[in-house]
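Please read the structure below before turning to the comments.
Read-outs throughout are calculated quantities, based only on the coordinates presented, and are distinct from any laboratory measurement. Keep in mind it's a predicted model, so treat the numbers as computed, not measured. Reconstructed Cβ throughout: ideal geometry from the backbone, glycine too, with neighbour counts over all protein chains shown.
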Amino acid sequence: MRDMTRTFWQEPEQEGGERRGVKVLKGISLDIASGEFVALQGTSGSGKSTLLQLMGLLDQPTSGSFTLMGHDVAGLDDDDRSDLRNCCLGFVFQSFYLIPYATALENVILPGLYSGRPRSEMRSRAVSLLERVGLGDRMDFKPSSLSGGQQQRVAMARALVNEPDIILADEPTGQLDSATSEEIMELFLDVNSTGKTIVLVTHDEAVAAGAQRTIHLKDGRIAD
């Protein structure tokens, strides 16, 4: 990423009728190497989640450049961005975003249905991942029958089902107690040990301490 800026536009003001831009990120310049575990920290409104969304191709910068695994993202159309996101990126969110009427196994399989691989192959991989995160006996449970920590484990298995190179996590322990947060962090460390790159947004100093590198944001800029 080079001198990347993200500007959001507000509605026209009553007087003058001109749109006023609000810069959320201001001249971010950052390199993350393959296999790194990086934590993003900062107060609310510092730009952490916006930066993660840009990394995840869920949004686009208004200026600057972003290269993801050798691809100049600015030169990609929507279909190419979707393909790159589906094959190379896995997402873990604070709110889990599991389909309530689907089982744990079905939730994990879902991203794999867009990969073009045989369903039997994706089912086998989903089973293996759920066993890996300690939910081998909960595969047929729906989210409402799982604890918060178990739901986050399902979300992590889902993020890994397409064998992405990069995992992006936005406050993945935000709804969990401290003991469960430690368990989830152990899973992230285990995933990172296999060579996966992890970028994690967190307010929790203990969670950030588990990363190899911490980047602090303040007012849309890298503070340190």
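Sorting Lys196, Lys48, Lys23 on the 10 Å Cβ count, fewest up front, what's the list?
Lys23, Lys196, Lys48
Let me know the shape class of segment 125-190, please: from the alpha-carbon gyration tensor, a ≥ b ≥ c as square roots of the eigenvalues, rounded when a/c is under 1.5, otherwise prolate if a/b is greater than b/c, or oblate.
oblate
Given N residues in segment 106-224, what is Rg(Cα) / (2.2 N^0.38 Å)?
Details: Rg = 15.3 Å, N = 119, 2.2 N^0.38 = 13.5 Å.
Normalised by 2.2 N^0.38 Å, the Cα Rg of segment 106-224 equals 1.13.
What is the fewest-to-most order of Ser120, Ser49, Ser29, Ser128 by other Cβ atoms lying within 10 Å of their Cβ? Could the numbers behind the result be given before it?
Working: Ser120 8, Ser49 19, Ser29 11, Ser128 14.
So the residues, fewest neighbours to most, are Ser120, Ser29, Ser128, Ser49.
Nearest 10 degrees is fine. How inclined is helix 178-192 to the longest principal axis of the chain, computing both from alpha carbons?
With both axes taken from Cα atoms, the answer is about 90 degrees.
May I ask for the equivalent-ellipsoid semi-axes of segment 28-175, computed as the square root of five times each C-alpha gyration tensor eigenvalue and listed largest first in whole Å?
Computed over segment 28-175, the values are 28, 19, 12 Å.
Quickly estimate the mean residue ellipticity at 222 nm for the chain, helices only: each DSSP H run with n ≥ 4 gives -39500 (n - 2.57), and the total goes over all residues, rounded to 500.
Calculated mean residue ellipticity at 222 nm is -9500 deg cm²/dmol.
State the number of lysine pairs found in the chain whose Cα atoms come within less than 21 Å, restricting to pairs 8 or more positions apart or on distinct chains.
So the count works out to 6.
With axes computed from alpha carbons, what is the tilt in degrees of helix 78-88 against the longest principal axis of the chain, rounded to the nearest 10 within 0 to 90?
50 degrees
Hey, what's the Kirkwood Rh for segment 64-124 if you take every pair of different alpha carbons, in angstrom? It would help to have the intermediate numbers written out before the result.
Working: mean 1/r = 0.0730 Å⁻¹.
Answer for segment 64-124: a Kirkwood hydrodynamic radius of 13.7 Å.
Compute the helix-to-body angle for 119-132: its Cα long axis versus the longest principal axis of the chain, expressed 0 to 90° and rounded to tens.
Its long axis makes an angle of about 90 degrees.
What order do you get for Thr50, Thr62 when you list them from fewest to most C-beta neighbours inside 10 Å?
In increasing order of surrounding Cβ atoms, one gets Thr62, Thr50.
Based on alpha-carbon centroids, what's the gap between segment 74-120 and segment 143-166 in Å, whole number please?
Rounded to whole Å, the Cα centres lie 12 Å apart.
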